[in-house]
Amino acid sequence: MNGIGGEEVMARAGAARPLEWKFAQVFGERAFGEEVQEVDIISAIEFDKTGDHLATGDRGGRVVLFNRTDTRDHGGNRRDLETADYSPSRHPEFHYKTEFQSHEPEFDYLKSLEIEEKINKIRWCQTANSALFLLSTNDKTIKFWKVQEKKVKKVCDMNVDPSKALGNGIVCSSISTSSKPCIANGGCVNRTFNYLSTGFSFPPGGIPFLHLPRVMSHETSLVARCRRIYAHAHDYHINSISNNSDGETFISADDLRINLWNLEISSQSFNIVDVKPANMEDLTEVITSAEFHPTHCNMLAYSSSKGSIRLIDLRQSALCDTHCKLFEELEAPTSRSFFTEIIASISDIKFSKDGRHILSRDYMTLKLWDINMESGPVATFQVHEHLRPKLCDLYENDSIFDKFECCLSGDGLRVATGSYSNLFRVFGCSEGSTEATTLEANKNPMRYVPKHV
């Protein structure tokens, strides 16, 4: 699983006692024998900060939104519900909300390059006036979406038969064949009113009284509207987008550059990190992931293919060529091999909710870093150690270059990451914890999961 979440949602039962993982929901079930189309495969997934909304993006460029419904059925606020012991009948439930086409396939004629519609990343933005806002990106273009409920009014008690109405009403013009003199307000002396251009005729004696239109009901429908398009700012494929805590800016990163955007300005961005050398033959590392600090709007971190994480302060200079902190774990020269640099490449980083720790994922391990300690990670979790004897085979079939994402729980007590064969790993990261759980994202939750994985 390259992304945590996938099409399944796993929920836990029991907060005070040891975790007991329960199978909860499956999204996107298909009829028996029906093959899953490639465009339907999920490529990005993201919860909002409240945990009440879930967004998924697929290879067909679509974004599908789900909203949590179980919190509406029980009293109390969300924090009380989370701390309460959940029975199997009270696991989180998400229902389909809406979907929209975010990106379409494009062709760059200047570079003779096809740009596929696959959604690479989705990030939720701050909500306003009950509307949802989110950013979605493919390889080249970022879009800012607003999803809002629109009310449609149904009107009845009109003066005329609705079946004879045209458009939004009977706005008709009269036709008169006589040359009678006209009077004020557009009237005409001795005018014949029963012959209209719409074929409508008044009843004999005219309309006795006027019916005012009456609103019978309101229907709500969700409408997604693209508010901004941020394009033509990256020469290489976008691998990360991240919102700033100020609610006004965000960053986008490709292999060599990180750009800073204002949500309201799509015509320009500021290049804040540029690792492109004057001679591309001197290139030794690329940017693999970037993320803003969750609370300090001036701080952000980015990882590289050499296994290092750099923390930068936007207050130091406009172009952040230098870092304020560098996190890396140097391997002993005696243990180095041909694959050392390949498996050390970091594919994803995440800040903890309080911003004190950074979680990184390379091919073999998960590492938890304290931002106040640059000497090494405070914890290392083995994910693919059983694959070390097979690195040659993985290199030959390019599997060694696969990328996996990672995440931390809201309370900071657990970390999770994906693996192969629909498996993902969950580790306890609190002091003294030995928790290590392997879960399978499968419709049959009773399947045996090998312990060595």
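The values are calculated or read from the model by the stated rules, or taken from the named source; none is laboratory data. Quick caveat: nothing in here was measured; it's all calculated off a predicted structure. When we count neighbours, we look across all protein chains shown, and the Cβ atoms used for this are built from the backbone with ideal geometry, even at glycine. Heads up: the accessible areas ignore ligands, DNA and RNA and are worked out on the full protein's heavy atoms, side chains in. Shrake-Rupley method; radii C 1.70, N 1.55, O 1.52, S 1.80 Å.
Pick from region 421-445 the residues that are loosely packed, with under 13 Cβ neighbours inside 10 Å and free of Cβ contacts under 8 Å to residues at least 24 places away in the same chain: which of them is farthest from residue 355 (Cα to Cα)?
444
Within region 227-272, track down each residue that is of a type in the set (Ser, Thr, Tyr), surrounded by fewer than 20 Cβ atoms within 10 Å (Cβ to Cβ) and closer than 19 Å to residue 119 by Cβ.
Within region 227-272, 236, 266 meet the criteria.
Of the residues in region 372-389, how many are open to solvent by less than 60 Å² (accessible area, probe 1.4 Å) and touching a strand residue (DSSP E or B) at 6+ places or on another chain (Cβ under 6 Å)?
Counting residues in region 372-389 that are open to solvent by less than 60 Å² (accessible area, probe 1.4 Å) and touching a strand residue (DSSP E or B) at 6+ places or on another chain (Cβ under 6 Å) gives 4.
How many residues does region 390-420 contain that are surrounded by 15 or more Cβ atoms within 10 Å (Cβ to Cβ), without any contact (Cβ under 8 Å) to a residue 24 or more places away in the chain and over 30 Å from residue 354 (Cβ atoms)?
The total comes to 1.
Grab the strands (runs of 3 or more DSSP E) fully contained in region 181-288, keeping just those with 2 or more residues being within 28 Å of the chain's Cα centre (by Cα) and either at pLDDT below 90 or farther than 30 Å from residue 110 by Cα (or both).
214-230
Where the second residue is of a type in the set (Lys, Arg) and the first is surrounded by 18 or more Cβ atoms within 10 Å (Cβ to Cβ) and lies in region 307-331, which pairs have Cβ atoms under 6 Å and are six or more apart or on separate chains?
311/325
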